[in-house]
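Okay, structure first, notes after.
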Amino acid sequence: MFDQIGTIRRQFTAHQTLDGRIDQVFEAMKAIGFEALIYDYTPVPYDLDGRVMIPSLLKLRNISDDMHEYWFDRGYFRIDPVQQVALRTSAPFFWNYDPDADTLIKRFMSEDTVPVARYLSERDMSTGVTVPVHMPRGDYATVTGIRFGANKEFERDALRYIADFNLLAHVFHETAYSLFDTAALSVGKIRLTERERECLRYSAEGYSAKEISRIIDRSVPTVVMHLNAAAKKLGAKNRTQAVVRATHYRLLEAQPSYNF
């Protein structure tokens, strides 16, 4: 098993770019019967109102680019039953948008999700397998394989290879994550400067603006300016709310590396 993981990892790391590693996993997926790939990553699963967060990264292979518009701009990602299941399990699962199919997404299908089902059906992508990858600090990714115009044989084949796909997806994400840029690791459009993050971190630890000014060797007005700027970007009414929001969206953390 460990030899197999090492071999797969070396195949991915032979590519120096994220797109190169995505191309590599797609080639491996095609060998087990998939014809399209969807890969997404979300730093924080839910916003402060409890809604599913739009991912910061969405990569597609052999799928129309208009999926970015529908899943991001139109918010289909928030209501996608596949994502509802992925948020609740760590196990790979087969899904089918046919209302008569008894798969895990059925309980999340409703009138609200009809646009998602219609979009996928019109593009012949109504069935697939998704591997959720949940990480220690709450961020998560999904790797999804699709076969166009799939039939009963696809479900049989998918379940046959689901363990292989699960291993492949996890090793791929580990190597892909190491190449994420700042935009991929950030939540939405919130971009705090390093000084704003630093001041908020000290504020979260209970330091006053005067105390922070001594620690970072800047004037009190400068510290207040950074804290106010951060609060404005976060849509916070005051410093306390800014700390709560920044903490929720993991903006005060040092970015970890993951070794699965």
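The values are calculated or read from the model by the stated rules, or taken from the named source; none is laboratory data. As the structure is a computational prediction, the values presented were derived from the model and not from experiment. Cβ sites come from the backbone with ideal geometry, for glycine too, and all protein chains shown count toward neighbours.
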Going through segment 100-122 in order, the residues found to be surrounded by fewer than 12 Cβ atoms within 10 Å (Cβ to Cβ) and within 16 Å of Val85 (Cβ to Cβ) are Asp102, Arg107, Ser110, Asp112
Exactly one of Asp19, Asp40 is among the acidic types (Asp, Glu) and either outside any strand (DSSP E or B) or farther than 17 Å from Tyr177 by Cα (or both), and that one is Asp19
Residue set Ser186, Ser213; condition hydroxyl-bearing (Ser, Thr, Tyr) and in contact (Cβ under 8 Å) with a residue 12 or more places away in the chain; output residue Ser186
A careful count of residues in segment 25-43 that are without any contact (Cβ under 8 Å) to a residue 40 or more places away in the chain and crowded, with 19+ Cβ neighbours inside 10 Å gives 1
Taking the criterion of being within 23 Å of the chain's Cα centre (by Cα), outside the structural domain of Gln4 (by the TED database) and surrounded by 16 or more Cβ atoms within 10 Å (Cβ to Cβ), would at least one residue in segment 148-171 satisfy it?
no
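The rows are residues; the columns are (1) over 30 Å from Arg10 (Cα atoms); (2) not hydrophobic (A, V, I, L, M, F, W, C).
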| position | (1), (2) |
| --- | --- |
| Tyr161 | no, yes |
| Ala169 | no, no |
| His173 | no, yes |
| Ala184 | no, no |
| Gly188 | yes, yes |
| Glu194 | yes, yes |
| Arg197 | yes, yes |
Per the filter on segment 42-72, residues of a type in the set (Gly, Ala, Ser) and either over 18 Å from Tyr119 (Cβ atoms) or not assigned by the TED database to the domain that holds Met29 (or both) are Gly50, Ser56
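When the residues of segment 193-207 are narrowed to those that are among the charged types (D, E, K, R) and assigned to a helix (DSSP H, G or I), which ends up farthest from Asp47 (Cα to Cα)? So that I can check it myself, show each step before the final result.
Let us first name the residues in segment 193-207 that are among the charged types (D, E, K, R), namely 194-198, 201, 205.
Applying the additional criterion that residues be assigned to a helix (DSSP H, G or I) yields 194-198, 201.
Details: Glu194: 22, Arg195: 24, Glu196: 21, Arg197: 19, Glu198: 23, Arg201: 20 Å.
So the residue we want is Arg195.
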Given the conditions (1) closer than 22 Å to Asp157 by Cβ; (2) out of contact with any Gly (no Cβ under 9 Å at 6 or more places or on another chain); (3) of a type outside the set (S, T, N, Q), every one holds for Asp112 apart from (1)
